[in-house]
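Peer 1: The structure's right below; bear with me while I get my questions together.
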Amino acid sequence: MSWILIAEQSLNGLQFGLMLFLLAAGLTLVFGIMDMINLAHGSLYMLGAFLASTFVQLTGSFTAGVLLAVPATAVLGMILEIFLLRNLYQRDHMAQVLATFALILIINELTRIVWGSDAALPMPGALSGPVELLPGLPYPAYRLVIIVVGLAVALLLYFLVTKTKVGMLVRAGASNREMALAMGVNIRLLFTLVFGAGAALCAVAGALLAPLLAVQVGMGENILILAFVVIVIGGIGSIRGALVGALLVGVVDTIGRAFLPIVFGAFFQPRVASAAGPAIASVTIYLLMAVVLYFKPQGLFPARG
Amino acid sequence: MKIKLLAAALLVFSVSAQGADKVKVGFISTLSGPSAAIGVDIRDAFLLAVKMNGGKLGGLPAEVLVGDDQFKPDVGRQIAEKNIRQDKVHFLTGIVFSNIMLASVPIAFENKIIYVSPNAAPSPMAGKDCSPYLFVASWPNDAYHEAAGQHATNRGYKNAYLIAPNYQAGKDSLTGFKRYYKGNVVAEVYTQLGQLDYAAELAQVRAAKPDALYIFLPGGMGINFIKQFVASGLSKDVPLIVPGFGDDQDIIRPVGEATLGLFDTAHWAIDFDNAANKKFVAAFEKEYKRLPTVFAAQGWDTALLIDAAVRDTKGKIEDVEAVRKAMKAARFESVRGPFKFNRNQMPIQNYYLRVVAKDAQGRLVNKTIGTVFKDHGDAYVQDCKMK
């Protein structure tokens with residue numbers, strides 16, 4: 001096992017983790033501030049990807065398409081919040097889960113009617129090849145771009161939440177909603193803005209991942225589960241927790257898939273190893289979650305004191 | 001396209017409504033969800049063949065009852081039961097996936113209804129569970145992978161790296177590959193079914209430096225893998241081999257230029273130089289404005305096989321034994337060229353090496369460049385007790 005391989009796998013883990021962070025950031029704020037379980041968060045990720053595919057086709061430019069898709073998804077998210085989800089805040093979690101699950105099905109079918117079951121979003125030609133990072137370590141250029149954009153968005157978000165007035169309100173809302181309300185914070189507006197920001201982050205992730213994965217109906221459901229794992233590990237309502245949790249999940253999942261079968265191969269017979277390796281690798285992140293919750297039942301960085 | 005299809009279906013229905021004596025076919029397939037492209041291709045080709053036949057099969061007006069199994073074995077079985085008990089169909093066909101077929105067709109066999117498979121042919125049904133009422137118009141499940149293994153052997157690849165999803169068909173496919181691959185298997189990697197990001201696996205392949213990489217990743221998994229494989233720069237160092245459906249039109253469309261130069265093995269290709277195939281390819285493209293896949297070719301052949309059997313029995317389709325005999329003779333012009341049925345009623349046929357290249361109009365298509373197996377059957381026929 002060479003250093004090159006370990007470096008490449010670390011980059012893969014970082015890239016996966018950053019994309020998970022973009023999804024988890026919105027989810028954790030909505031869950032933390034509004035105490036609302038929004039299963040339809042993944043649908044916004046899907047809508048972001050479909051919108052990006054349409055805008056890229058219309059404008060002929062990948063960058064312009066993505067930049068248009070992000071605010072468009074944010075507006076869609078805010079419309080959803082104002083007309084629908086706002087009515088759910090006072091209900092219990094079960095009602096929220098049921099309603100937002102219904103929303104997943106509705107948005108999936110609407111997407112199918114508007115776009116069909118899938119859409120094309122090709123990788124920009126200039127980024128479709130590899131770049132030589134170190135001698136002997138070529139790495140896909142597009143994945144590097146994802147890492148850079150992911151890091152930039154993460155930094156921006158961190159700055160917004162920790163250094164600005166809006167960020168302060170968000171943190172106040174996450175740590176104690178009633179108190180923030182009593183201090184005269186316009187919670188309604190804040191909720192709508194946070195929801196829009198979460199939707200925008202979903203769109204960034206959806207649009208960036210689309211050329212690597214696939215723009216298709218149902219793409220949001222699988223990744224949503226991982227996003228929930230991330231926010232549970234990180235602590236609900238905490239941006240810092242979402243970042244640490246996302247990177248942990250990204251790296252652990254990548255390392256598990258890459259190296260566990262090899263480790264198993266060293267200790268067991270090939271037949272056992274080839275059966276157990278992939279099986280264990282696919283549950284490593286859930287093992288991680290179980291371990292974290294055992295020692296820190298509130299997650300790594302609980303937002304509520 | 002959908003409207004046209006509806007029109008075609010209506011045509012089939014309206015023609016059939018007039019005749020008293022008609023052929024009823026239950027067509028069950030996966031027509032919705034992410035895996036729907038395959039079923040849609042089979043259905044489109046099947047209905048087109050019936051339409052070009054004047055809405056008839058073997059001279060009798062045909063009624064095709066199309067049902068969507070939604071990629072769920074239990075739904076497939078329900079439709080099969082309804083087709084058999086309520087609609088009293090003469091033939092069943094259409095199923096794409098082995099797991100759905102294994103759940104849905106035994107009820108047909110119990111009721112002596114012939115099932116003609118346009119795609120799946122799981123190994124148990126080639127061997128110990130073979131049935132007199134099953135005819136496979138496509139190819140046995142292992143065949144493409146066996147041919148790919150033989151191709152890797154022919155090329156003299158010393159080390160091969162294998163990747164498949166972690167489920168039964170994935171394991172069967174790599175078993176088929178290894179049956180004819182004489183070199184050394186560096187690694188046999190099983191990924192999660194439905195996995196879409198292969199960055200970790202690709203890094204391992206780069207580190208292992210194999211002489212060839214073989215993947216069985218049907219549908220969206222394969223689309224993603226090939227795109228990421230090319231983006232990682234590995235395509236310059238490691239030859240990728242896929243089964244025939246792994247880089248057919250349904251994969252070429254979304255992946256694009258990245259498929260150029262990919263090798264695969266199949267029993268049919270779009271460039272086959274026989275009259276039946278030329279007619280099929282031209283008709284399919286004209287009707288649906290896209291090029292046909294192997295799946296479409298299988299759907300077309302399935303319709304023609306039923307057509308020939310009904311014709312040869314002179315319309316006495318109530319006599320199942322007579323229909324079986326006519327089926328076995330398979331007197332029709334297949335788009336794949338000649339083939340015959342084995343003792344287990346699975347095809348004995350040739351398998352070819354194809355490569356993705358540009359045709360005269362600059363479109364990406366599979367070109368035939370050699371024959372891997374001649375008159376190839378399957379490894380399970382000796383377990384079939386049927387005479």
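The numbers here are math on the coordinates, done by the rules we state, and not lab data. In this text, all values refer to a predicted model and were calculated from it rather than measured experimentally. A quick note on method: Cβ atoms are made from the backbone with ideal geometry, for glycine too, and the neighbour counts reach across all protein chains shown.
Peer 1: So for the pair B:ALA282, A:GLU221, with labels modelled 7 Å out along Cα→Cβ, what separation do we get in nm?
Peer 2: In this crude spin-label approximation the distance works out to 4.4 nm.
Peer 1: Sticking with this one: Work out, in µm²/s and without decimals, the Stokes-Einstein translational diffusion coefficient of the stretch B:128-271 at 20 °C, 1.002 mPa s, Rh from Kirkwood over C-alpha pairs. All intermediate terms of the calculation are to be shown ahead of the outcome.
Peer 2: Details: Rh = 15.5 Å.
Estimated via Stokes-Einstein, D reaches 138 µm²/s.
Peer 1: When Cβ neighbours within 10 Å are restricted to other protein chains, what is their mean count per residue of peptide B:229-236? List each step's numbers first, then the result.
Peer 2: On the way: counts 1, 5, 12, 8, 8, 3, 2, 3.
Neighbouring Cβ atoms belonging to other protein chains average 5 per residue here.
Peer 1: Please list, by residue number, everything in the stretch B:199-224 whose backbone N is under 19 Å from a paramagnetic label point 7 Å out along Cα→Cβ of A:VAL145.
Peer 2: It comes to B:199, B:224, nothing else.
Peer 1: A further question follows. Specify the angular offset, from 0 to 90 degrees and rounded to the nearest 10, of the alpha carbon long axis of helix A:239-267 from the longest principal axis of the alpha carbons in chain A.
Peer 2: Orientation of helix A:239-267: about 20 degrees from the principal axis.
Peer 1: At 7 Å along the Cα-to-beta-carbon direction for both B:GLU333 and A:ALA102, put a label point, then send me their distance in nm to one decimal.
Peer 2: Inter-label distance under the simple model: 5.8 nm.
Peer 1: Follow-up question, since we're still on this one. For every helix of n ≥ 4 consecutive DSSP H residues, a contribution of -39,500 (n - 2.57) applies; sum these over the protein assembly as shown, divide by its total residues, and give [θ] at 222 nm rounded to the nearest 500 deg cm²/dmol.
Peer 2: Details: 26 runs with 389 residues, N = 692.
Result for the protein assembly as shown, helices only: -18500 deg cm²/dmol.
Peer 1: Let me ask something additional. Using the 10 angstrom Cβ neighbour count as an exposure proxy, how do B:ARG331, B:ARG290 rank, fewest first? Don't skip to the end; give the middle numbers.
Peer 2: Details: B:ARG331 12, B:ARG290 15.
Fewest to most other Cβ atoms nearby, the residues stand as B:ARG331, B:ARG290.
Peer 1: How long is the gain from A:MET179 to A:LYS163 if the chain were fully straight, where each residue apart is worth 0.36 nm and the alpha carbon distance is subtracted? List each step's numbers first, then the result.
Peer 2: Numbers: separation 16, 0.36 × 16 = 5.76 nm, distance 2.05 nm.
Extra length from A:MET179 to A:LYS163 when fully extended: 3.7 nm.
Peer 1: Then there is this: Can you sort A:MET179, B:MET101, A:MET78 by how many other beta carbons sit within 10 Å, fewest first?
Peer 2: Numbers: A:MET179 11, B:MET101 25, A:MET78 19.
Ranked by crowding around the Cβ, least crowded first: A:MET179, A:MET78, B:MET101.
Peer 1: What percentage of all Cα-Cα pairs in the stretch B:106-158 are separated by more than 16 Å? Kindly include the intermediate steps, with their values, before the conclusion.
Peer 2: Working: 706 of 1378 pairs.
Result: 51 percent of Cα pairs exceed 16 Å.
Peer 1: So how long is each side of the stretch B:276-320 along the principal axes, counting just the alpha-carbon atoms, biggest first, in Å?
Peer 2: Computed over the Cα atoms, the extents are 39, 16, 15 Å.
Peer 1: Treating the angle as unsigned and between 0 and 90°, give the value, to the nearest 10°, between the Cα long axis of helix A:93-115 and the longest Cα principal axis of chain A.
Peer 2: 70 degrees
Peer 1: Using a 10 Å cut-off on Cβ to Cβ distances, tally the other chain neighbours for every residue of B:288-301 and report the average as a whole number.
Peer 2: On the way: counts 0, 0, 0, 0, 0, 0, 0, 0, 0, 0, 0, 0, 0, 0.
Counting other chains' Cβ atoms within 10 Å and averaging over B:288-301 gives 0.
Peer 1: Using 10 Å bins from zero, what percent of all Cα-Cα pairs in the stretch B:212-330 falls into each bin?
Peer 2: 12, 33, 25, 18, 9, 3
Peer 1: I've got another one for you. Roughly how crowded by other chains is peptide B:198-209, in terms of the mean Cβ count from those chains within 10 Å of each of its Cβ atoms? Each step should come with its number before you reach the end.
Peer 2: Values: counts 3, 14, 13, 3, 3, 14, 9, 0, 6, 8, 1, 0.
Taking all residues of B:198-209 together, the mean is 6.
Peer 1: I've got another one for you. So which residue, out of B:LEU304, B:LEU260, B:LEU217, gets the largest mean-square fluctuation from a GNM of chain B using Cα contacts under 10 Å as springs?
Peer 2: Evaluated over chain B, the most mobile residue of the options is B:LEU260.
Peer 1: Where is the GNM fluctuation largest for chain B (alpha-carbon springs, 10 angstrom cutoff): B:ALA147, B:ALA360, B:ALA329?
Peer 2: Residue with maximal mean-square fluctuation among B:ALA147, B:ALA360, B:ALA329: B:ALA360.
Peer 1: Anyone know which of B:ASP69, B:ASP172, B:ASP307 comes out most mobile in the 10 Å Cα GNM of chain B?
Peer 2: B:ASP172
Peer 1: Now a separate question. As I understand it, the dipole of the stretch B:124-206 uses +1 on the Cβ of Lys and Arg and -1 on the Cβ of Asp and Glu, about the Cα centre. Which of B:CYS130, B:HIS145, B:ALA199 lies farthest toward its positive end?
Peer 2: So the residue furthest toward the plus end is B:HIS145.
Peer 1: Project the alpha carbons of chain A onto their principal axes and report the range along each, largest first, in whole Å.
Peer 2: For chain A, the Cα spread along each principal axis is 61, 51, 37 Å.
Peer 1: At 0.36 nm per residue, and after removing the present C-alpha to C-alpha distance, how many nm does the segment from B:GLN168 to B:GLU110 gain when stretched out fully?
Peer 2: On the way: separation 58, 0.36 × 58 = 20.88 nm, distance 2.54 nm.
Here the answer is 18.3 nm.
Peer 1: Moving to a separate point now. Is the shape of the stretch A:1-83 best called rounded, prolate or oblate, per the rule: a/c under 1.5 gives rounded, else a/b larger than b/c gives prolate, else oblate, with a ≥ b ≥ c the square roots of the Cα gyration tensor eigenvalues?
Peer 2: It comes out oblate by the Cα gyration axes.
Peer 1: Pop the C-beta distance of B:LEU193 and B:GLN361 into the FRET formula with R0 = 35 Å and round what comes out to the nearest 0.05.
Peer 2: 0.40
Peer 1: Note down the nm distance, to one decimal, between modelled labels 7 Å out along Cα→Cβ at B:ALA275 and at B:ASN184.
Peer 2: For the pair B:ALA275/B:ASN184, the computed spacing is 5.4 nm.
Peer 1: Please work out whether the stretch B:294-387 counts as rounded, prolate or oblate from its C-alpha gyration tensor, where a ≥ b ≥ c are the square roots of the eigenvalues and a/c under 1.5 means rounded, while otherwise a/b larger than b/c means prolate and anything else oblate? Don't jump to the answer; show the numbers that get you there.
Peer 2: Values: a/c = 3.45, a/b = 1.59, b/c = 2.18.
Since a/c reaches 1.5 but b/c is at least a/b, the shape of the stretch B:294-387 is classed as oblate.
Peer 1: Could you tell me the ratio Rg/Rh of chain B? Both radii from Cα atoms, Rh via Kirkwood.
Peer 2: Numbers: Rg = 20.3 Å, Rh = 21.1 Å.
Radius of gyration over Kirkwood radius for chain B works out to 0.96.
Peer 1: Sticking with this structure for a sec: Could you give the Stokes-Einstein D for the stretch A:148-261 in µm² per second, using the C-alpha Kirkwood radius, 4 °C, 1.567 mPa s? Intermediate results must be reported in sequence, preceding the final value.
Peer 2: Working: Rh = 15.9 Å.
Estimated via Stokes-Einstein, D reaches 81 µm²/s.
Peer 1: Further question: Please label the shape of the stretch A:80-220 as rounded, prolate or oblate, based on the square roots a ≥ b ≥ c of the eigenvalues of the alpha-carbon gyration tensor (a/c under 1.5 means rounded; beyond that, a/b larger than b/c means prolate, else oblate). Could you put the intermediate results ahead of the total?
Peer 2: Numbers: a/c = 3.32, a/b = 1.42, b/c = 2.34.
Oblate, since a/c reaches 1.5 and b/c is not below a/b.
Peer 1: While we're looking at this one, here's another question. Helix A:187-209 versus the longest principal axis of chain A: what is the Cα-based angle in degrees, 0 to 90, to the nearest 10?
Peer 2: 20 degrees
Peer 1: OK, next. What is the sum of charges, Lys and Arg at +1 and Asp and Glu at -1, for the other residues whose Cβ falls under 14 Å from the Cβ of B:SER138?
Peer 2: Working: positive: B:ARG336; negative: B:ASP41, B:ASP142, B:ASP248, B:ASP301, B:ASP378.
Summing Lys/Arg as +1 and Asp/Glu as -1 gives -4.
Peer 1: Place the peptides A:216-225, A:129-138, B:218-227 in order of packing, highest mean first, counting for every residue the other Cβ atoms within 10 Å and averaging per peptide.
Peer 2: Values: A:216-225: 20.3, A:129-138: 14.4, B:218-227: 22.8.
Put in order of decreasing packing, that is B:218-227, A:216-225, A:129-138.
Peer 1: When the chain is fully extended, how far beyond the present Cα-Cα distance does A:ASN87 get from A:ALA290, taking 0.36 nm per residue of separation? The partial results should precede the final answer.
Peer 2: Details: separation 203, 0.36 × 203 = 73.08 nm, distance 3.33 nm.
Extra length from A:ASN87 to A:ALA290 when fully extended: 69.7 nm.
Peer 1: Considering the alpha-carbon set of the protein assembly as shown alone, what are its Rg and its Dmax in angstrom?
Peer 2: For the protein assembly as shown, the Cα-based Rg and Dmax read 27.2, 88 Å.
Peer 1: Give me the orientation-averaged projected area of the Cα convex hull of the stretch A:226-305, in nm², one decimal. List each step's numbers first, then the result.
Peer 2: On the way: hull surface 21.0 nm².
The directionally averaged projection comes out at 5.2 nm².
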